[in-house]
Amino acid sequence: MATRRLPEWIRSESPAAAMSAHIRRNSYDKGLPTVCTEARCPNRAECSRNGTATFLILGDRCTRNCRFCAVRHGTPLPVDPHEPERVASAIAALELRHAVITSVTRDDLPDGGAVAFASTIHAIRNSSPSTTIEVLVPDFHGNKESIDQVIRARPEVIGHNVETVPRLYPLVRSAASYERSLAVIGHVANSGSGIVSKSGIMVGTGEGREEIVRVIHDLVKVGCLVLTIGQYLRPTRGHHPVARFVTPEEFAALRELAQAAGIQHVVSGPLVRSSYRSGDILTKFRSAVRS
C-alpha cells in the first residue's frame, strides 16, 4: 500500500532543543519514559512551552498490541516500587503546572496497575502540591475496585479513551471492549468524587459519521464531561492504515456536534491528542463550572 502524503493542515512544530534536553534530563535520564516521545506525539514543543508533560509509568512495554499505537508491546518488566517518587521528583524539577500520568496496559498485574497510579498521584501531591494531576488509565479489565483506587487518590481528571467506533475494535483494539471502556468512564463520572471524567476518540480509521455520532451520544449517556477528537496518524507501515484525513472544517463540525449533544468541553482538531492542552482544558472547565 502506498504511503499517504500528509495534507497541508497536518503540520507540527519540532520540539525546541533546549526544552527537549531539559525534559530528557529529568525524565529519560532517570529511566522515566514520556508518552510525548514513546507515542511520537506531534505536540511536544507546544506542551513543553506550556509547562505540561505526560509521563508513562509501569514500564514501556504494553501487554496488548493495539494496531494504532506506537508504544512497544511484549513481556513487561517487574513494577519498580520507587517509580512514583522518581516521577514526582521529575515533575518537581520540571516545575510543571499540570502533569499527565498514563501507563502501558498491564494485564499481567492483578490490579492492572491501579496501586501504581494511586501511589504516583500521592507522591506528586507531596512534592508539588500546586501541580494539577490528570491520569489517563487503562480499562483495568473492568475491575471497579481498581478504578476506585485511582478515584480515592483524588486526581483532578481521570481519562480513559474509547479510541474508535465499536465496529472497528476487532481491527484496531482487538484486546479491548467498547462496552468495558464506556463502563470505566461511567464509573468515574458517577462516583460522586467531583473528578472530571474525560475520553478521547481518533478519526480517520475507517469510521462513518453516524458511527462517530453514536460514540458521542454513548459518552454523554455515561457522563463523560470532556472529550478530545483527533486525527489518527499511522505510526508505521505495520500499523492500521489511515482511511482518510479529516479536514479542519469537519473537526469544527464534530466539536459543535459533541457540545450540542451534551459534552461540556470538547477539543477537536487534526493534531489533538489525549493530553493536548490538558492543563488549559481543566482551567477552562473549572471556570465554566464556577460561572
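Per-structure values
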{"read-out": "Residue match in segment 52-61 (condition: surrounded by fewer than 16 Cβ atoms within 10 Å (Cβ to Cβ), at pLDDT below 80 and either within 18 Å of Ser127 (Cβ to Cβ) or not hydroxyl-bearing (Ser, Thr, Tyr) (or both))", "value": "no"}
{"read-out": "So Ala99, is it surrounded by fewer than 21 Cβ atoms within 10 Å (Cβ to Cβ), touching a Ser or Thr at 6+ places or on another chain (Cβ under 6 Å) and not acidic (Asp, Glu)", "value": "no"}
{"read-out": "Count - residues of segment 106-136 that are over 19 Å from Ile151 (Cβ atoms) and either touching a Ser or Thr at 6+ places or on another chain (Cβ under 9 Å) or of a type in the set (A, V, I, L, M) (or both)", "value": "3"}
{"read-out": "In segment 112-151, the residues that are surrounded by fewer than 19 Cβ atoms within 10 Å (Cβ to Cβ) and touching a Gly at 6+ places or on another chain (Cβ under 9 Å)", "value": "His141, Asn143"}
{"read-out": "Criterion: crowded, with 16+ Cβ neighbours inside 10 Å and at pLDDT below 90 - qualifying residue of Leu94, Leu109", "value": "Leu94"}
{"read-out": "Unique match (being touching a strand residue (DSSP E or B) at 6+ places or on another chain (Cβ under 8 Å), among the aromatic types (Phe, Trp, Tyr) and farther than 28 Å from Gln149 by Cα) among Tyr276, Tyr232", "value": "Tyr232"}
{"read-out": "Residue within segment 139-150 that is out of contact with any His (no Cβ under 8 Å at 6 or more places or on another chain) and among the β-branched types (Val, Ile, Thr) present", "value": "yes"}
{"read-out": "Residue within segment 206-226 that is under 19 Å from the mean Cα position of the chain (by Cα) and basic (Lys, Arg) present", "value": "no"}
{"read-out": "Members of segment 165-174 that are outside any helix (DSSP H, G or I) and touching a Ser or Thr at 6+ places or on another chain (Cβ under 9 Å)", "value": "Val165, Arg173"}
{"read-out": "Residue tally, condition surrounded by fewer than 20 Cβ atoms within 10 Å (Cβ to Cβ) and either of a type in the set (D, E, K, R) or farther than 30 Å from Thr283 by Cα (or both), over segment 69-81", "value": "9"}
{"read-out": "Candidates Phe285, Phe251, filtered to the one that is of a type in the set (Phe, Trp, Tyr) and modelled with pLDDT under 90", "value": "Phe285"}
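The values are calculated or read from the model by the stated rules, or taken from the named source; none is laboratory data. This structure is a prediction, so every number in the text was calculated from the model and none was measured. Note that we place each Cβ from the backbone using ideal geometry, even for glycine, and neighbour counts take in every protein chain shown.
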